[in-house]
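First up is the structure itself, then whatever we jot down about it.
Values in this text are rule-based calculations from the coordinates and carry no lab data. Please read these numbers as outputs of a predicted model, since none were measured by experiment. Using ideal geometry, Cβ is built from the backbone for each residue, glycine included, and neighbour counts are taken over all protein chains shown.
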Amino acid sequence: MEEKRYMISEAAERTGIEAHVLRYWEEELNLDIQRNEMGHRYYTERQLEMLKQIKELKDSGFQLKAVKTVLDNGLQLQTETPQSVQGEAQEEAAGTVENAAVKMPDNTQEIAMKRSEDKLAQFEQIIGDIVTRSLMANNGKLGEDISNIVTDRVSNKVIKEMDYMMRVREEAEDDRFKKLDETIRGVQKSNKEAAAFRERPSKREKRRGLFRK
């Protein structure tokens, strides 16, 4: 049996998504939407359910980038038709109590909400797994980049410290040489003064010279 096809106007009506949004999602998510012999888009039942699931995720706060990440990694969104959910609810409720038919709508709504929460939790888990695998795949390069950054920073720090130490050392040596030069000059001056003092005749020698005359 040939699979039923829905034109874009029918798809918009069945999914509650406007036609221009369907075109936008097709482009942004790289959806494989077939064309008929006239070049018009048509959607299958499975694609309609997938679009409903995307709409559900969008309404829950997820961005198209997150949905695209899942699709690009070869993962498919799990979808269930409202009819299947209602059918399961009817089977569970059948034969339990006489007024099961009255309680059926509330029970169906609770099951649908629970399924929706489970799908969102599963989607979050998928996103987490994808991020983890991506980090593991890039772990080596990330470590190398961090190592290079740390090495550059350490090298710059060492160079600055070495430059500072050299300048301090040069200043200390200059100060030491200056003091040594002052000491040498002081010693030389003292030696000259001592030599000059020794060359001067004493008062006693002067007196002796006078008596000799």
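For the reader, a short list of remarks on this structure follows.
- Counting 0.36 nm for each residue step from residue 9 to residue 64 and taking away their Cα separation leaves a gain of 17.6 nm.
- Working ranking of peptides 35-46, 9-20, 50-61 by packing, defined as the average number of other Cβ atoms within 10 Å per residue, highest first, is 50-61, 9-20, 35-46.
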